[in-house]
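Structure first, then comments.
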Amino acid sequence: MVQMTEIAEWLQKGKAKEVVALVQQAVEEGTPAEIILKEGLMAGMDAVGKRFRDNEIFVPEVLMAARAMSKGSEVLRPLLTKEGGVSSGKVCIGTVKGDLHDIGKNLVKMMLEGKGLEVIDLGTDVPAETFIQTAIEEDCQIICCSALLTTTMPEMERVIHAAIEAGIRDKVKIMVGGAPVTQEFADSIGADAYTDDAASAADVAVGFCS
């Protein structure tokens, strides 16, 4: 029998092939997909997030672990849909208009998925209207905006104004982040949350969705 701790350990090492093989084996042995996801993949990703926060590992290791998580989740996806889903919330994420940086955004996306949230990735250079339109059409609880240039930070405020104009500001939480962004800036534009790393962002998002 595959132990969930085994899956979590291989995931932390970023070994996608081993993770996929163990996930498949666990499925064949009759372990429910939800258990494999929560106690294997998500537990492993939680540990990665904690080690990343504590500066024990760095971005490359996190990306490798996230890739292993994503490959393992692919095996489970059809089963989870059958079992009645796992997503505890829906988030749209993107780098704001005028900004083409995406490493930080991708990291946050992977951490969010690692927590079982459904993520719609809008990519980079995303206009405020696109964030709002997606949130409405896809019924998202959260909009995550990333910026890596001080010159594109004002776009985050435009997203908030667009949400007010569209009448969804009370329904959707808006989270902001990126190297130049600060708590002070987030407060000044009326964002719901700012975090300075991907693991914390995922924790806050889960809090908003629960």
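The values are calculated or read from the model by the stated rules, or taken from the named source; none is laboratory data. These numbers were taken from a predicted model, which means no experiment stands behind them. Here the Cβ is made from the backbone with ideal geometry for all residues, glycine too, and neighbour counts use every protein chain on show. The protein model used for the area step is the full one, side chains on, heavy atoms only, and it has no ligands, DNA or RNA in it. Shrake-Rupley method; radii C 1.70, N 1.55, O 1.52, S 1.80 Å.
Pulled fully out, how much extra length does the chain show between R53 and D170, if you take 0.36 nm times their separation in residues and subtract their Cα-Cα distance? Spell out each step's value before the answer.
Details: separation 117, 0.36 × 117 = 42.12 nm, distance 3.09 nm.
Gain on extension, R53 to D170, equals 39.0 nm.
Give the long-range amide H neighbours of I57: residues separated by 5 or more places, or on another chain, with amide H under 5 Å away, using H modelled in the peptide plane at 1.01 Å from N.
Amide H neighbours of I57: F52.
Calculate how steeply helix 16-28 sits against the longest principal axis of the alpha-carbon atoms of the chain, using the helix alpha-carbon long axis, and give the answer as 0 to 90 degrees to the nearest 10.
With both axes taken from Cα atoms, the answer is about 60 degrees.
How high is the FRET efficiency between T151 and M1 when r is their beta carbon distance and R₀ equals 45 Å, given to the nearest 0.05?
Details: r = 55 Å, r/R0 = 1.22.
With a Förster radius of 45 Å, E is 0.25.
If you find the alpha carbon centre of region 1-42 and of region 194-210, how far apart are they in angstrom?
24
Give the accessible surface of region 95-185 per residue, rounded to a whole number of Å², with probe radius 1.4 Å and ligands, DNA and RNA excluded. Numbers along the way, then the final one.
Details: 4280 Å² over 91 residues.
Result: 47 Å² per residue.
Could you tell me which residue out of F52, G40, N106 lies farthest along the dipole of region 1-137 toward its positive end? Charges go on the beta carbon: Lys and Arg +1, Asp and Glu -1, centred on the Cα centre.
Going by the charge dipole, the pick is F52.
Of the cross-linked pairs K71/K105; K38/K171; K13/K90; K90/K115; K17/K109; K71/K115, which ones have a Cα-Cα span greater than 23 Å in the structure shown? Mind showing how you got there, number by number?
Details: K71/K105 19 Å; K38/K171 28 Å; K13/K90 28 Å; K90/K115 11 Å; K17/K109 21 Å; K71/K115 15 Å.
Violating the 23 Å Cα-Cα cut-off are K38/K171; K13/K90.
Against the longest principal axis of the chain, how steep is helix 154-165, in degrees 0 to 90 to the nearest 10, with axes from Cα atoms?
In the chain, helix 154-165 runs at an angle near 90 degrees to the longest axis.
If you fit an axis through the alpha-carbon atoms of helix 198-209 and take the longest principal axis of the Cα set of the chain, what angle between them do you get, 0 to 90°, nearest 10?
Result, in degrees: 80.
If we sort 202-208, 110-116 on the protection proxy, mean other Cβ atoms within 10 Å, highest first, what's the order? Could the numbers behind the result be given before it?
Numbers: 202-208: 18.7, 110-116: 23.7.
Per-residue Cβ counts within 10 Å, averaged per peptide and sorted highest first, yield 110-116, 202-208.
Name the residues whose placed amide hydrogens come within less than 5 Å of the amide hydrogen of K173, ignoring near sequence neighbours (fewer than 5 apart) on the same chain.
I142, I143
Taking θ as phi - 60°, what are the ³J(HN,Hα) couplings along region 116-123 by the Karplus curve (6.51, -1.76, 1.60), each to the nearest whole Hz, with x for Gly and Pro?
In residue order, the calculated couplings are x, 8, 8, 10, 9, 8, 8, x Hz.
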